[in-house]
1. Just give me the residues in the stretch 130-142 being surrounded by 21 or more Cβ atoms within 10 Å (Cβ to Cβ) and part of a loop (DSSP other than H, G, I, E, B), in sequence order.
2. Identify, please: which residue in the stretch 40-62 is open to solvent by 100 Å² or more (accessible area, probe 1.4 Å) and modelled with pLDDT of 85 or more and is, among those, farthest from MET1 (Cα to Cα)?
3. If a residue must be free of Cβ contacts under 8 Å to residues at least 40 places away in the same chain and out of contact with any Phe, Trp or Tyr (no Cβ under 9 Å at 6 or more places or on another chain), how many such residues does the stretch 97-125 contain?
4. Which condition number in (1) farther than 22 Å from ASP46 by Cβ; (2) open to solvent by 50 Å² or more (accessible area, probe 1.4 Å); (3) modelled with pLDDT under 85 is the one that GLY171 fails?
5. Mind counting the residues in the stretch 84-132 that are more than 24 Å from ILE168 (Cβ to Cβ) and among the β-branched types (Val, Ile, Thr)?
6. Condition first: of a type in the set (Phe, Trp, Tyr) and open to solvent by 50 Å² or more (accessible area, probe 1.4 Å). Now tell me which residues in the stretch 71-123 satisfy that.
7. Failed condition for GLY141, given (1) within 21 Å of LYS78 (Cβ to Cβ); (2) at pLDDT 85 or above; (3) among the small types (Gly, Ala, Ser), with all others met?
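The values are calculated or read from the model by the stated rules, or taken from the named source; none is laboratory data. Note that the structure is predicted; figures quoted are calculated from it, not measured. Reconstructed Cβ throughout: ideal geometry from the backbone, glycine too, with neighbour counts over all protein chains shown. Each accessible area value is taken on the protein alone, full model and side chains, heavy atoms only, with ligands, DNA and RNA left out. Shrake-Rupley method; radii C 1.70, N 1.55, O 1.52, S 1.80 Å.
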Amino acid sequence: MVRYIPNPNSSSSSSNSGLRVMQQVLHRPLDNSAPGSNVLVVSSYDAASGELLMRAKQRCTYSRAPVKVVAAEMTPSKRELIIFCSLAPQQDDPGASYTFTVSVINLAAMKALVPKIDTPDPSNGTSPPAYALSNTLTSLGTEYLFMNLGCAVVGVYSLATGQLVREIATGVLGSKPGSGGGSSNPAGSYFACLALPRVSEKQGVFSNAGRTLLAASAAGGQKVYVLEMDVEGAAQKVLEQRELQQQQQQQGLQSRLNQQQQQQVQQGLQSRPNHQQ
């Protein structure tokens, strides 16, 4: 899970400096990633520079916790049902926070075909999830879920894989919590509502064409921020990256095959008997 929170070590004496944001990534360690492992790694980065600030291992326990369904919506293609559940932190874990767990239910199979999507709840359980669903992108053939990650950062999740594929730092909420930026929540400024309208002169079969806009409303604020999103361009970059990875994998496989063939030839030459008198 990826979340954005105010940097607790940032100086609060200067009122002119903007909110310093820290990115936290919760993941399993590479050397202990077996199912059922009770070890998590918390990596903290400076959101502006990408510098690693801290990395620590944390032991966790698994328990059955009640969840509350807080929202549900069909995807634009009507192929999946998205169910949003709120998970409250355990009372005996002071370091935990509210989270949203998102299930993508395929209606044809009547079950989830992708892993659950876990996202932070910057409102600490006081607001419903702020999200938006994109139309199917022709270049990739999938839809995307835009979710609030905190501190004016929007995460883009692929509904085909459940993976976080992009993090968009809008930069529109740069003030510190409690300084008039629309939120006094300790989790920092966050969006309370997201929408993805499309602007196009063409209708009908071409309704998926045009510009994609991200409309975001800050919690406790009176403004709506509208940003133009290059969704098709980002999708094209993802497609190019996939093609590049496939080419690199094919080149690596071909290189390994060539090495194996050379080794087999050398072994054959070494094992051939010498009939010279």
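1. ALA130, SER134
2. Only one residue tops the list, namely GLU51.
3. Going through the stretch 97-125 one residue at a time, the tally reaches 10.
4. Only one criterion in (1) farther than 22 Å from ASP46 by Cβ; (2) open to solvent by 50 Å² or more (accessible area, probe 1.4 Å); (3) modelled with pLDDT under 85 is unmet by GLY171, namely (1).
5. Qualifying residue count for the region: 1.
6. Within the stretch 71-123, the first condition is being of a type in the set (Phe, Trp, Tyr), and the residues that meet it are 84, 98, 100.
TYR98, the sole residue that qualifies.
7. Result: GLY141 fails condition (2) only.
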